[in-house]
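Here is the structure we will look at.
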Amino acid sequence: MRARARSLRVMLRRAMGLSAAFALVLMGGFFTLFSYDLEDVIFNRIVAAEADRLEPGHFPGITLYDGHSALPPWLGERLRPELLPGEYEVPSGGHGHFHVAVRPGIGGDSRYFAFDVTRLTSTTDHLKRTAGLLLASALLALLAAALLARLVARRLVRPLERVVEWTRAEGAPPPEDDGGVAEVRALVDALHARNARIQEQLEREQRFNRDASHELRTPLAVAQGAVEILELDPPRDAETFDRLRRAVSQMGLLTEGILWLARERRSEERCDLHRVSRELLAAYGHLRRSDGIELVIESAGEVHAPIPASVARVMMGNLLKNALAYTDEGRIVIAIEPSAWTLSDTGAGFGRAEPGSESHGIGLSLVERLARRFEWALSIDTLEPRGTRVRLSWRVKQPEAP
């Protein structure tokens, strides 16, 4: 199953918005950790500086305790007697928050400088007070990221939209404004080179089709002339002569179809599909595998399709011959509608093959190519329990409003 396509503009906005939100969360976390760490470093340095003074007792909030026994019980529980000299952070629950400097004392006991920082510990409260400011800053940052994403998306997407318009418009010149984006410029150059190669291949194919058709016309004209001469005095083997005449006629139709692939399409050419269908049944009805196969044309009236009659004979004649080749019994029905020509049969196998497969030779491949040439749609469907439906459809021009 093909994944649902998403707009590049939406993807850029979402990516930049998520990036901004992630950056804000990450920066907020680092800022909080940095604030706590900086606060602890400052308190440790204050209590250490006081403990190392020759005459301590000058810094308010710092209390000196000589010996572990002099410590208050709730503080002594958190400071072991064998603690090495240094600075320690001591949370004491309901008694406050302390930073303690431990120094060697007289008689082998330690001296403790306890700094009560309960009132000075303001990081959490400060963060709570500034939560609104942080939230506002986050919203402003996200808004700025959205605006930036919009500008970046416009710069990237607009050149891509021009490239899409160029590829959809037939014969349009390549866009000159690539937005200064190297990748878009490379894409335009690659598409331009690809179009040049395709155009060269099409021109080469058209030249080949035109030359091949013209070369075939000379021996075909000779063969048709010989058939016309023989018709004046038909040979005794009438069946062989009839097959020869039909083969020459079919060669003429194929040659005409191939030549049309190299021509410029003229939209004003139209043909009566009911008349063409009758001619085809008369020309190919003898190919029925049995006389019991019924050939039917269903039409509500005249339908003039936007295609030359010679091309219609090639396309629909090949489809009719395929249906006759695959139908052993039942009926073959040609239904003519204002915007479609449909052939249904009760045969087996033809509908299960893909259009253009090797098993159907040049006939079906030529039908496909002529259909594309005249912007018609070709569909082949299998009918149940047996049968095939082949449909050629075209766009019907709506009458212009007065």
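The values are calculated or read from the model by the stated rules, or taken from the named source; none is laboratory data. Note that the structure is a prediction, hence the values are computed from the model and not measured. As a convention, Cβ positions derive from the backbone with ideal geometry for all residues, glycine included, and neighbour counts pool all protein chains shown. Areas reflect the complete protein model, heavy atoms only, side chains present, ligands, DNA and RNA absent. Shrake-Rupley method; radii C 1.70, N 1.55, O 1.52, S 1.80 Å.
At Glu239 and Arg288, where each label point lies 7 Å from the Cα along Cα→Cβ, what is the point-to-point distance in nanometres? Between Glu239 and Arg288, the simple spin-label model gives 1.9 nm. Relative to the current alpha-carbon distance between Gln224 and Leu281, full extension at 0.36 nm per residue lengthens the span by 18.4 nm. Counted residue by residue at 0.36 nm each, then reduced by the alpha carbon distance between them, the extension gain from Trp74 to Val25 reaches 13.8 nm. Looking at the range 285-339, the accessible area is 43 square angstrom per residue; that uses a 1.4 Å probe and ignores ligands, DNA and RNA. Here the extension length gained between Arg194 and Glu161 equals 10.0 nm, from 0.36 nm per residue of separation less the Cα-Cα distance.
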